[in-house]
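Coordinate-derived values only; no laboratory data. Just so it is clear, the structure is predicted and the values come from calculations on it, not from any experiment. FYI the Cβ positions are ideal-geometry reconstructions off the backbone, even for glycines, and counts take in every protein chain you see.
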Amino acid sequence: MTAQATRSVPAAGSAEADDAAKRYGAVLFFSDFDDPVTWGDALKANIPGLDFRVYPDVGDPADIRHVLAWKPAPGFFKPFTNIAQVINLGAGIDSLVGRDDLPEVPISRLSDPGMIALMRSYVLFSVIRYARNIPEFEQAKRRREWHYIHPRPLHQIKVGVLGLGHLGSAVAAGLAAAGFDVRGWDIAAKTIEGVRTYTGPERDAFLSEVEILVNMMPHTPQTEKLIDKAVFDALPRGAKFVNASRGPVVDEPALVEALRSGQIGGATLDVFWVEPLPSDHPFWDMENVLITPHLASITVPEAAARDVAESIRRVSAGGEPLHRADTRRGY
């Protein structure tokens, strides 16, 4: 076994800790889902002596300069009058847009290779599951039936990615690398190697060719219920649907009806209007729906902390953070 070198954390009151406090102020962490110990260790490995505090142990609110948060409650930011930036502990910033308790400071999203790899793997699994007829084989197994379906070459299977942002582009490129016939649509024109791209009014033409549709659109006021009956009707009958983005982007009653009618042949859903998904929701009883509990992609602190530390350094020096979001667009 090879011994790993470890970096000692400066004690409170040490010269290094005092210097970090003067340079950067305090960092406040808030999340009901992420591990504060792992995050604290990862950030202190990048900025020795960093004053890292975990909510609700805030100390003096005036010390807080940087906030790492995931879905803070209304009014959360009011006590912190010296905030210089907010870093969202995830990709979607919808919980930070349009708040009356948050001053006009830079808001950044996380972007790390681990998050991208996990999202790509989830979507690739979901698409391959349909491409290789795995749901039919699962049903056949329950019937104790040897049910042969001749595989189709992957390059004949048309997969569409709706939303070609940071994660959506990576997903589309990963599907193309796996051998699928991939096309993507976004509000803005995009170019991705191996992917046929569409934009704006070309959406219906894009949808009409897609056998498996993957939603990667962010949640904004403009995209709420964007994927509605018209979208499902524009797909070929029996098309499959994968939602690994945000629940409110999809009109759930329209999806339920499309699944019942057979217009949508199956769905893999990781996100929903209400989470956890209520036990009486129709999705639970649908044989053609696979449900996962919002885990398509998670942040890997050891990787993401490098960018977060760099943003803390930049903002503390009067500069711009990495991966700043456009709050006007909501992503």
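For this structure, a couple of remarks:
- Residue among I227, I134, I87 with the largest mean-square fluctuation in a Gaussian network model of the chain, springs linking Cα atoms under 10 Å: I134
- On the basis of the beta-carbon distance and an R0 of 22 Å, D101 and K225 show a calculated FRET efficiency of 0.25.
- Total formal charge among the other residues, if their Cβ is under 13 angstrom from that of A131, Lys/Arg +1 and Asp/Glu -1: +2
- Assigned charges on the beta-carbon of Lys, Arg, Asp, Glu; region 113-291 dipole about Cα centre (debye): 580 debye
- Three-way shape label, region 183-263, alpha-carbon gyration tensor, a/c 1.5: oblate
- Applying both filters, DSSP loop and at most 10 other Cβ atoms within 10 Å, to the trypsin sites (Lys or Arg not before Pro) of region 134-217 gives R143, R144.
- Helix-derived mean residue ellipticity, 222 nm - over the chain, DSSP H n ≥ 4, -39500 (n - 2.57), to 500: -9000 deg cm²/dmol
- Modelled spin labels at R143 and S279, positioned 7 Å past Cα toward Cβ, are 3.2 nm from each other.
- DSSP-loop chymotrypsin sites (Phe, Trp or Tyr not before Pro) across region 128-230, with at most 14 other Cβ within 10 angstrom: W146, Y148
- For the chain, the dipole from Cβ point charges (+1 on Lys and Arg, -1 on Asp and Glu) about the Cα centre works out to 820 debye, to the nearest 20.
- Protection proxy ranking, highest mean first, for peptides 101-112, 318-329: 101-112, 318-329, where packing is the per-residue count of other beta-carbon atoms within 10 Å, averaged.
- With Cα atoms, 0 to 90° folded angle of helix 301-316 axis to the chain main axis: 50 degrees
- Kirkwood hydrodynamic radius of the chain, from inverse mean 1/r over distinct Cα pairs, in Å: 21.7 Å
- Spacing of the two label points (7 Å from each Cα toward its C-beta) at R328 and D204, in nm: 3.0 nm
- Each of T191 and D32 was given a label point 7 Å from its Cα along the Cα-to-Cβ line. The distance between the two points is 4.5 nm.
- Take every pair of alpha-carbon atoms less than 8 Å apart whose residues are at least six positions apart; their mean separation over the length of region 200-331 yields a relative contact order of 20 percent.
- Based on C-alpha pairs under 8 angstrom that are at least 6 apart in sequence, the chain has a relative contact order of 17 percent.
- Gain on full stretching of the segment that runs from E310 to Q156 - 0.36 nm per residue minus C-alpha separation: 51.1 nm
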